[in-house]
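Report on the structure given below.
Where a number appears in this text, it was derived from the coordinates with a stated rule and is not lab data. Since the model is a prediction, treat every value here as computed from it, not as a measurement. Cβ sites come from the backbone with ideal geometry, for glycine too, and all protein chains shown count toward neighbours.
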Amino acid sequence: MRDSETIFRKLDFMSRCVKYLESVDPENVNLEFDYEKRSAIERNFQLAVESAIYLGEIIISEEGFERPQDYESVFLVLGRHSILPEAFAERFASAAGFRNMLVHRYEEVDPGVLEEFLTERLGDFEEFAGCVLEYIERKETVTENGL
């Protein structure tokens, strides 16, 4: 696979963002009033999602899959082609919508939604990374076997 080095670099970066998010104890942070902590949380979510989108776009390009219409459809395309489990792809696509809110409608971000992503959705990034690593492993096996 041509872009495996780039993929590993993006996976590592995404992992660093998620590790920061995992270190935040939502019970001890007032997401409505702690501007600095909230800003750091929002930025790390944005970067983690953007890393996942970039990874998806690399795979879509490598495989020659149909071009996604938007960021959410990056994950849906990966689901249709069994890179991601389809139900997971549909669930994870909402992270792209969350990213769009963080980037374009940042003044409207509901602290409750931010807390939900912080407490209930971080595992999605690990699942996504696992699927990407499985994809790389399959591609390398095919290449090694000359198929």
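Observations on the structure shown:
- Alpha-carbon gyration tensor eigenvalues x 5, square-rooted, for segment 66-147, Å: 30, 14, 10
- Inter-probe distance in nm under a simple model that places probes 7 Å from Cα toward Cβ, at residue 141 and residue 110: 4.3
- Taking only the Cα atoms of the chain, the radius of gyration and Dmax are 16.1, 57 Å.
- Approximating the spin labels as points 7 Å out from Cα along Cα→Cβ, the residue 103-to-residue 81 distance works out to 2.1 nm.
- Cβ-Cβ FRET estimate between residue 39 and residue 69, R0 fixed at 35 Å, reported to 0.05: 0.70
- Mean Kyte hydropathy of -1.0 or more with a Cα span along the axis of at least 30 Å, helices from DSSP in the chain: 35-63, 122-144
- Cβ-derived FRET efficiency at R0 22 Å, residue 88 paired with residue 62, nearest 0.05: 0.65
- FRET efficiency for residue 28 and residue 126, using Cβ-Cβ distance with R0 set to 30 Å, rounded to 0.05: 0.85
- The lysines whose alpha-carbon is closer than 18 Å to the alpha-carbon of residue 19, local same-chain residues fewer than 8 away aside, are 10, 37.
- Mean residue ellipticity at 222 nm, helices only, the chain: -25500 deg cm²/dmol; runs of at least 4 DSSP H residues each add -39,500 (n - 2.57), and the sum is divided by the number of residues.
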